[in-house]
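Accompanying notes for the structure given below.
The values are calculated or read from the model by the stated rules, or taken from the named source; none is laboratory data. A quick note: this is a predicted structure, and the numbers were derived from the prediction, not measured. Here Cβ is always computed from backbone atoms with ideal geometry, including for glycine, and neighbour counts include all displayed protein chains. Remember, those area values only see protein heavy atoms, side chains included, never the ligands or the DNA or RNA. Shrake-Rupley method; radii C 1.70, N 1.55, O 1.52, S 1.80 Å.
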Amino acid sequence: MNAEYPGGWSCPQKDSAEHGEYVGAQSVGCQEVAEQDGADLLERILSRDNLNRAYKRVRANKGAPEIDGMTVEGALPWLREHREELLGSIRQGKYKPQPVRRKEIPKPDGGVRQLGIPTVIDRIIQQAIAQQLVPIYEPLFSDDSYGYRPNRSAQQAIQKVKWYAEQGYTSAVLVDLSKYFDTLNHEVRY
């Protein structure tokens, strides 16, 4: 099965993540996003204030130097020196993130979870993007969705299940998208 997307590209999928009868969350396609004022969004992402907030967030999260050897502290002087060059490459669509460092994290069941850890500069840019996109997309998600959402936790999900049980519901469905992202085409180009 292939998931079809506007623009003619598709991604191999084992099963569709969206079902025709599912009404709990809205789906926003690429075309709808493209119809928004992309230039304005890009300028908000690249604004000095947004980038400064992104740097402060990355600095607060700490983290070791990655494959390029740059520390969070070393990023600030680098950004001051190369700011215009970096922003120009992003605006021109020529920016390419650096390779990520792979790290294996042991799982309780004996397997490993692969993490990809970006460079400090890439983390700052990713954070700047997230700071602008989260307010746009977060309101579109289902209220019953808790994974990887700001200000939501597994404990809140458990409390919601308990609340449903108190309301008389007797069944629950656990959905585990184990290795789902391994099934996505990560080489898609627009």
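In the neighborhood of Ala157, defined by Cβ-to-Cβ distances under 13 Å, what is the net charge if each Lys or Arg adds +1 and each Asp or Glu adds -1? Intermediate values should be presented prior to the final figure.
Numbers: positive: Arg149, Arg152, Lys160, Lys162; negative: Asp143, Asp144.
Summing Lys/Arg as +1 and Asp/Glu as -1 gives +2.
In square nanometres, what is the average projected area of the Cα convex hull of the stretch 53-122?
On the way: hull surface 23.4 nm².
Answer in nm², one decimal: 5.9.
Taking amide H atoms as placed 1.01 Å from N in the peptide plane, list the residues 5 or more away in sequence, or in a different chain, whose amide H sits under 5 Å from that of Arg101.
Ile67, Ile117
Where the centre of each part is set by its Cα atoms, how far does the stretch 63-135 sit from the stretch 136-190, in angstrom?
Computed from Cα coordinates, the inter-centre distance equals 26 Å.
At each listed q (0.10, 0.17 Å⁻¹), what is the log10 of I(q)/I(0) that the Debye formula gives for the stretch 75-185 modelled as equal alpha-carbon point scatterers?
Cα-only, vacuum Debye calculation for the stretch 75-185: -0.52, -1.14.
Put +1 on the Cβ of each Lys and Arg and -1 on the Cβ of each Asp and Glu in the stretch 104-173; which of Val120, Leu133, Val173 then has its Cα farthest toward the positive end of the dipole?
Towards the positive end, the residue furthest out is Val120.
Taking a 1.4 Å probe, which of Tyr169, Tyr55, Tyr180 shows the most accessible area, and what order do the others take after it?
Working: Tyr169 140, Tyr55 20, Tyr180 60 Å².
Ranked list, largest accessible area first: Tyr169, Tyr180, Tyr55.
Hey, what did the stretch 31-170 get for relative contact order, percent, Cα under 8 Å, at least 6 apart? Don't skip to the end; give the middle numbers.
On the way: 100 pairs, mean separation 34.4, N = 140.
It comes to 25 percent, rounded to a whole number.
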